[in-house]
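Encoded as structure tokens, the structure appears first; notes follow it.
The values are calculated or read from the model by the stated rules, or taken from the named source; none is laboratory data. Just so it is clear, the structure is predicted and the values come from calculations on it, not from any experiment. Here the Cβ is made from the backbone with ideal geometry for all residues, glycine too, and neighbour counts use every protein chain on show. Please note that ligands, DNA and RNA were not included when accessible areas were found on the heavy atoms of the full protein model with its side chains. Shrake-Rupley method; radii C 1.70, N 1.55, O 1.52, S 1.80 Å.
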Amino acid sequence: MKILRRFLPSLFGLIVVGLLAGCTGSPADVQVWGGQGSEPGQFNEPFDVAVDADGFVYVTDVRNNRVQKFTSDGDFVLAFGQQQFEKPGGIGIGPDGTVWVTDYDLDRIFHFDPNGKLIAAWGTAGDQPGEFASPVDVAVNAAGLVYVVDQYHHRIQQFSPDGHFIRTWGKQGKVNVVRSALNFLVSDGHAGEFYYPSRIAIGQDNRVYVSDAYNNRVQVFDSEGHFLHSIGGMGLWGGRFRVASGIAVGSDGSLFVADFYNNRIQHFDHAGRFIGAWGGKGDQPGQFSGPTGVAASRSGRIYVADWGNHRIQNVLLP
């Protein structure tokens, strides 16, 4: 008990310092567009966002069963997919500028050109390799290899550009909440296991970053699925999550993660060290209501799918 009493003040101090470090104010340069509705430029639960090399922004507009495309400043360009989708989820851009979209209800992967013309579609429900149970996100590396978050199978699947199965990794594993919160003292374990993974992104070195949502962490793998390290754990302070969601890699290799129930975006360096955060619950610019998607443009702007506020926020960090 004496050891515990000596330990608790230092633990409390760490938490306070972490909370203060995580309470970064909203950036000064924030643009907002959208609002709830079904007209062009409006949304009904925007879920994910992606940016192509030319700066065009693509958003999965879930309840409107479409993807919307915008200029970098939020001017509506076009909508597509209404004839194909049941429930569009994750979205990713290939190295050739084509657009990949998962359909959460249809258990399918759709591939479009930048103008919304369907190129191909593949996938079916099932638990065999190449089959899905609610694919929630997709990312494509520089070689064109396609990575899919197969959420209800708690795994990642990798495919060739034409949809041929290559490999899979991961299985269900839930990290104890107390162990997750205290993983700076003890290992959180369950490396390579997931509990409802939600998002995926590819780094410049072909590292694969996976938001392990309900384990409140990001896991990092090499391109073939070998575990490297994890980031985060359960908590309120900076560098911790309450359901890790959207994830993006910036042009400098740093990482941006949407922290759903903490209503903020967190920023980490290439090694996973916490840099800062911004947000807070609300509907003002720079505030969020359950951010679910994040993307980083080459120009340094960060785009966030502000799901509960039915809008997109466009942020330039100082």
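Key figures for this structure:
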{"quantity": "Selection from 41, 169, 274, by position along the positive dipole direction of the chain (Cβ)", "calculated": "274"}
{"quantity": "Cβ-placed point charges (K, R +1; D, E -1), dipole of region 219-318 about Cα centre in debye, nearest 20", "calculated": "280"}
{"quantity": "Relative contact order %, region 129-181, counting alpha carbon pairs below 8 Å whose residues are six or more apart", "calculated": "27"}
{"quantity": "Region 175-228, accessible surface, carbon-and-sulfur percent (1.4 angstrom probe)", "calculated": "50"}
{"quantity": "Accessible area expressed per residue, region 178-227, with surrounding protein chains retained (probe 1.4 Å, Å²)", "calculated": "39"}
{"quantity": "The chain - mean residue ellipticity at 222 nm from DSSP helices (-39,500 (n - 2.57) per run, n ≥ 4, rounded to 500)", "calculated": "-2500 deg cm²/dmol"}
{"quantity": "Segment residue 121-residue 283, extension gain: residue separation times 0.36 nm, minus the distance between their alpha carbons", "calculated": "54.6 nm"}
{"quantity": "Residue-by-residue Karplus 3J(HN,Hα) for region 243-248, coefficients 6.51, -1.76, 1.60, Hz, glycine and proline x", "calculated": "6, 6, 10, x, 8, 8"}
{"quantity": "Kirkwood Rh in Å, taken over region 131-222 so that all alpha-carbon pairs contribute", "calculated": "13.5"}
{"quantity": "Dipole magnitude of the chain about its Cα centre (Cβ charges: Lys, Arg +1; Asp, Glu -1), debye to nearest 20", "calculated": "1440"}
{"quantity": "Furthest towards positive pole of dipole, 228, 265, 215, structure part region 202-318, Cβ charges", "calculated": "265"}
{"quantity": "Percent accessible area from carbon and sulfur atoms, region 40-115, protein chains only, probe 1.4 Å", "calculated": "39"}
{"quantity": "Placed amide H near residue 132: partners under 5 Å, 5+ positions off or other chain", "calculated": "124, 125, 126"}
{"quantity": "Listed residues 94, 284, 136: farthest to the positive end of the dipole of the chain (Cβ charges)", "calculated": "284"}
{"quantity": "Region 294-318-region 33-79 distance, computed between alpha-carbon centres (Å)", "calculated": "12"}
{"quantity": "3J(HN,Hα) from dihedral phi, region 284-289, Karplus parametrisation 6.51/-1.76/1.60, rounded to Hz, x for glycine, proline", "calculated": "7, x, x, 9, 9, 10"}
{"quantity": "Relative packing of 281-288, 310-317, which averages over residues the other C-beta atoms within 10 Å, highest first", "calculated": "310-317, 281-288"}
{"quantity": "Rg(Cα) / (2.2 N^0.38 Å) computed for the chain, rounded to two decimals", "calculated": "0.96"}
{"quantity": "0 to 90° range, to nearest 10: angle between helix 2-22 axis and the chain longest Cα axis", "calculated": "40"}
{"quantity": "Proximal lysines to residue 117, defined as alpha-carbon separation beneath 25 angstrom and excluding residues fewer than eight positions away on the same chain", "calculated": "69, 87"}
